Amino acid sequence: MTDPGESGPLGAGVGESDSGTVASDDGAAGDAAMEPAAVAELAERIADNVEAVIVGKREAVEHVVVTLLARGHLLVEDVPGVGKTTLAKAVARSIDGSFKRVQFTPDLLPSDVTGVNVFDQRTDEFEFQPGPVFANVVLGDEINRAPPKTQSALLEAMEERQVTTDGETRRLPDPFCVIATQNDVEPGQTYDLPVAEVDRFTKKIRLGYPDTDEEAEIIGRMAGDHPVESVEPVAAIDDVRRARATVGAIEATEELRRYVARLAVHTRRNARLGVSPRGSLALLRASQARAALDGRGYVIPDDVQTEAPTVFAHRIRSDSGGADGAEIVADALDRVPVE
């Protein structure tokens, strides 16, 4: 595979349009980008700030930062009480962004998420009351407790960064990132997420239990006020927009893009449902963000291999009794050559 070198042009990356022009989330091209080294420094500041309240989870925190910079969304599947909500709050506070939380329950309605038009008798007109989805960071807590109809209320928001109610479309804030948690210990009281929704999550991760020393540190920090309330911003929303513009322009050669595509094809040949083209694009964008975290202006195969397990595995549905998604991704990384 050709190595573009340190001087590779940033303009050869993957933007929002087919023409190669780098576009921001709101469709505007040419946002004032940072140098990759500045993005790396910004990402480190955010990760360090989040780690002040999330003890011993540096890798998980970096996955969140990568997702944010890759213009994606994150699904966190784990047991209760390991810090999923704290993680989302800390990220929002670190970038000085708005934060809203939605507690998904069996009786939650789609309009409880997206918003609803309410008739105002004083003006004799309908007025739109925005739902909690109108925030920079939206926490969907225990998303699999709500029925599929309510879960699907997020589909348009996650893919198109907009909400349509009563025929009127409204843009969501920029940046917009959904961090959803999924309960995996009470399957009898939850619903499976629709495949179309799962595919819209850039990454799926687990936080896991802390070890003894980490848990002792957590207990000490939580003895008084919750430390997340004292988290101060270390970046501005505009910094995140500029960093995203840089990440979208990180160079990915044709050979690198074909490597991503071959990995996706391998999953389709070895599972009932393999990775979609949306998943391939998500992997490339996550790889661009990973390259930026290292201060590089170009993607290398190591970036792809680092990101593939958390980007690909949750999109795969294997035959009953067969290998799970993680095993299929591991097999793809082992068998598909880097050319």
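Okay, here's what the table says:
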item	result
Of all residues in the stretch 154-210 being surrounded by fewer than 18 Cβ atoms within 10 Å (Cβ to Cβ) and assigned to a strand (DSSP E or B), the one that is nearest to the chain's Cα centre (by Cα)	Q162
Residue tally, condition crowded, with 16+ Cβ neighbours inside 10 Å and either in contact with an Asp or Glu (Cβ under 8 Å, 6 or more places away or on another chain) or of a type outside the set (G, A, S) (or both), over the stretch 71-93	15
Output for the stretch 58-101, where each listed residue is of a type in the set (G, A, S), without any contact (Cβ under 8 Å) to a residue 60 or more places away in the chain and in contact with a strand residue (DSSP E or B) (Cβ under 9 Å, 6 or more places away or on another chain)	A92
For E254: the one exception among (1) charged (D, E, K, R); (2) under 21 Å from the mean Cα position of the chain (by Cα); (3) not assigned by TED's automatic domain parsing to the domain that holds N144	(2)
Boolean, L283 is of a type in the set (A, V, I, L, M, F, W, C), surrounded by fewer than 24 Cβ atoms within 10 Å (Cβ to Cβ), within 15 Å of A70 (Cβ to Cβ) and modelled with pLDDT of 95 or more	no
Qualifying positions in the stretch 293-338 - farther than 30 Å from E35 by Cβ and outside any helix (DSSP H, G or I)	I316, R317, S318, D319, S320, G321, G322, A323, D324, V336, P337
Breaking point among (1) farther than 21 Å from E62 by Cα; (2) of a type outside the set (D, E, K, R); (3) at pLDDT 95 or above, for A216	(3)
Some residue of the stretch 102-120 being touching a residue at least 40 places away in the same chain (Cβ under 8 Å), assigned by TED's automatic domain parsing to the domain that holds R71, more than 30 Å from E232 (Cβ to Cβ) and within 18 Å of the chain's Cα centre (by Cα)	no
Near pairs, Cβ below 9 angstrom, 6+ apart or cross-chain, from the stretch 232-256 (free of Cβ contacts under 8 Å to residues at least 40 places away in the same chain and under 27 Å from V53 (Cα atoms)) to any residue that is of a type in the set (A, V, I, L, M) and surrounded by fewer than 20 Cβ atoms within 10 Å (Cβ to Cβ)	D238/A32
Subset of the stretch 219-246 (residues that are in a helix (DSSP H, G or I) and at pLDDT below 85)	I219, G220, R221, M222, P227, V228, E229, S230
When residues of the stretch 80-101 are limited to those that are of a type in the set (A, V, I, L, M, F, W, C) and in a helix (DSSP H, G or I), the one farthest from the chain's Cα centre (by Cα)	A90
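The values are calculated or read from the model by the stated rules, or taken from the named source; none is laboratory data. These numbers were taken from a predicted model, which means no experiment stands behind them. Neighbour counts are summed over all protein chains in view; Cβ atoms, including those assigned to glycine, are modelled from backbone coordinates with ideal geometry.
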